[in-house]
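Here's the structure, in structure tokens; my notes come after.
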Amino acid sequence: MPINQSIIELQNVSIYQKERIVLHQVNLNIRKGEFVYLTGKVGSGKSSLLKTLYAEMPLLLGDGQVAGFDLNALSHKEIPLLRRELGIVFQDFQLLTDRNVYENMKFVLKATGWKDEDQIDIRIKTSLKKVNLEEKEDSMPHELSGGEQQR
């Protein structure tokens, strides 16, 4: 994917929670490599926007492309593939307190459709190395700092 290509593009998107409109006529263009911070008041639609981007909530009005996936035509079986392409860091992350770092990551990969144990192991070890946590894979969440938990 070329550096200037959009990774997320929304055009005239309106987002609904049940019958209530949360966001109206959103236009958004995020290019590969850009860092974006989403801020706003409680109830302003931040979580609803993110849920739409990772297909937890359907896109009902407007056009949306995320990581090469058309949100208007996304099938249920494509959702795990879309989520593999995204990296969203939530402020209120929740680690499973009865599992170490490795097992927390494995749980997420399996929940998003990963099946091959060798590929899961490679992905976890590669990801831990990228965020300088390779020596923490056996640590329990309570043994990590807040920043380490978020990473």
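Of interest is the spacing of the C-alpha centroids, which for the stretch 97-151 and the stretch 14-71 amounts to 27 Å.
Surface composition of the chain: carbon plus sulfur atoms contribute 50% of the solvent-accessible area (1.4 Å probe, protein chains only, all chains present). An ellipsoid equivalent to the chain, defined through the eigenvalues of its Cα gyration tensor, has semi-axes of 30, 18, 15 Å when rounded to whole angstrom and sorted largest first.
Between E137 and N27, full extension at 0.36 nm per residue minus the direct alpha carbon distance yields a gain of 35.6 nm.
Relative to the Cα centre, what is the charge dipole magnitude of the chain, using +1 at the beta carbon of each Lys and Arg, -1 at the beta carbon of each Asp and Glu, and rounding to the nearest 20 debye?
Numbers: 20 positive and 21 negative charges, 83 e Å.
Around 400 debye, computed over the chain.
Counting only lysines at least 8 places from K46 when in the same chain, those with an alpha carbon closer than 23 Å to its own are K18, K32. How much of V131 can a 1.4 Å solvent probe reach, expressed as accessible area in Å² and rounded to 10? Surface open to solvent at V131 totals about 50 Å².
Go ahead and run the numbers for FRET between D118 and D98, Cβ-Cβ distance against an R0 of 22 Å, rounding to 0.05. Taking R0 as 22 Å, the efficiency between D118 and D98 is 0.30. Computed from Cα atoms, the angle from the helix 101-111 axis to the main principal axis of the chain rounds to 40 degrees. Excluding same-chain residues fewer than 8 positions from K115, which aspartates and glutamates have a Cα within less than 19 Å of its Cα? Straight-distance partners of K115: E78, E85, E103. Computed extension length for L60-T126: 20.1 nm, one decimal, from 0.36 nm per residue of separation with the Cα-Cα distance subtracted. Taking every protein chain into account, the accessible area of the chain amounts to 70 square angstrom per residue (probe 1.4 Å).
The values are calculated or read from the model by the stated rules, or taken from the named source; none is laboratory data. Predicted model, so just to flag it, every value in this text is computed and none were measured. Glycine gets a Cβ as well: all are built from the backbone with ideal geometry, and neighbour counts include every protein chain shown. Side chains included, ligands, DNA and RNA excluded: accessible areas come from the protein's heavy atoms. Shrake-Rupley method; radii C 1.70, N 1.55, O 1.52, S 1.80 Å.
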